[in-house]
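To start, the structure itself, in structure tokens.
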Amino acid sequence: MYKVFFNDRTVFFGDDFSKAFVKHKGLFYKYNNIHELGELVGMFAALTQINNLYIFHDDIVMLFEEFKACFNVIEAGGGVVLNQQGEFLVIYRNGTWDLPKGKLEEGEDFQTAALREVKEETGLQGLQLHEPLMSTYHTYALNENHILKKTRWFELLYSGREEPVLQAEEGITDYRWVTPGKTGFIRENSYASILDVLYMRNLL
């Protein structure tokens, strides 16, 4: 199943939402055509009191490709950095706890972009790219354009002793090495997509 975050709200994609219809509240829509889908996305963006949108069709891959066609798609790479004590790194960017990430540059793959962006935003040297974790999707508006950002996340290992040197021009002003489970401050002030990554890695 795919899902896309609209800030802290979620769009789910599937081929059968009969159980979700019984258990959850939200908008439910059976895909018909891309024009109708585009109107639905705009309506959901405006109806901020509705938390969930469920879109279903027998061909989920086709459905998600049609959904992506309603946006300008940007690709990014990001990392969950773990140190030798088993702690993970979060950064404080523009008033919100976040993970280091950034857009792919021309000719880059996701792994290269993730490693470069983590180095640039944290100043950590000697990082080792360990394994892929997951991909997240979230939307935002930029100069009246509707953006869908795909971020592919990787686990990175840090064996050094130097503390991060933060990239201030990216709005990063603080950081913490966090013990898994001691994450209340993150859950209170982070993005749903970031929490999804940390939850998947059993760090929350």
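So which residues in the range 152-180 are of a type outside the set (Phe, Trp, Tyr), in a strand (DSSP E or B) and under 16 Å from residue 97 (Cβ atoms)?
Within the range 152-180, 172, 173, 174, 176, 178 qualify.
Can you find even one residue in the range 116-128 that is within 19 Å of the chain's Cα centre (by Cα), part of a strand (DSSP E or B), of a type outside the set (Ser, Thr, Tyr) and not assigned by TED's automatic domain parsing to the domain that holds residue 30?
No: the range 116-128 contains no residue that is within 19 Å of the chain's Cα centre (by Cα), part of a strand (DSSP E or B), of a type outside the set (Ser, Thr, Tyr) and not assigned by TED's automatic domain parsing to the domain that holds residue 30.
For the range 12-42, enumerate the residues that are free of Cβ contacts under 8 Å to residues at least 12 places away in the same chain and within 19 Å of residue 146 (Cβ to Cβ).
33, 35, 36, 39, 42
Say we look at the range 147-170 and pick out the residues that are touching a residue at least 60 places away in the same chain (Cβ under 8 Å) and more than 18 Å from the chain's Cα centre (by Cα); which of these is surrounded by the most Cβ atoms within 10 Å (Cβ to Cβ)? Lay out the reasoning, then the answer.
Initially, the range 147-170 is screened for residues touching a residue at least 60 places away in the same chain (Cβ under 8 Å), giving 147-159, 164, 166, 170.
The next check asks that each one be more than 18 Å from the chain's Cα centre (by Cα); those that pass are 157-159, 164, 166.
On the way: 157: 14, 158: 23, 159: 10, 164: 20, 166: 19.
The qualifying residue surrounded by the most Cβ atoms within 10 Å (Cβ to Cβ) is 158.
Could you say whether any residue in the range 177-185 is basic (Lys, Arg), without any contact (Cβ under 8 Å) to a residue 12 or more places away in the chain and either more than 17 Å from residue 78 (Cα to Cα) or crowded, with 17+ Cβ neighbours inside 10 Å (or both)?
Within the range 177-185, one or more residues are basic (Lys, Arg), without any contact (Cβ under 8 Å) to a residue 12 or more places away in the chain and either more than 17 Å from residue 78 (Cα to Cα) or crowded, with 17+ Cβ neighbours inside 10 Å (or both).
In the set 53, 89, which member is assigned by TED's automatic domain parsing to the domain that holds residue 192 and of a type in the set (A, V, I, L, M, F, W, C)?
89
One line per residue, one yes/no per condition, for (1) without any contact (Cβ under 8 Å) to a residue 60 or more places away in the chain; (2) hydroxyl-bearing (Ser, Thr, Tyr); (3) in a strand (DSSP E or B):
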residue: 111; (1), (2), (3): yes, no, no
residue: 134; (1), (2), (3): no, no, yes
residue: 141; (1), (2), (3): yes, no, yes
residue: 193; (1), (2), (3): no, yes, no
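For a quick check of your reading: which helices (runs of 4 or more DSSP H) sit entirely within the range 1-83 and have at least 2 residues that are under 30 Å from residue 127 (Cβ atoms)?
Because the criterion is at least 2 residues that are under 30 Å from residue 127 (Cβ atoms), no helices (runs of 4 or more DSSP H) in the range 1-83 meet it.
Give 86, 95, 78 a once-over and let me know the one that is at pLDDT 95 or above and touching a Lys or Arg at 6+ places or on another chain (Cβ under 9 Å).
Working: 86 fails: touching a Lys or Arg at 6+ places or on another chain (Cβ under 9 Å); 95 fails: touching a Lys or Arg at 6+ places or on another chain (Cβ under 9 Å).
It is 78.
The values are calculated or read from the model by the stated rules, or taken from the named source; none is laboratory data. Computed from a predicted structure; not experimentally measured. Heads up, the Cβs are rebuilt from the backbone with ideal geometry, glycines too, and the neighbour counts pull from every protein chain shown.
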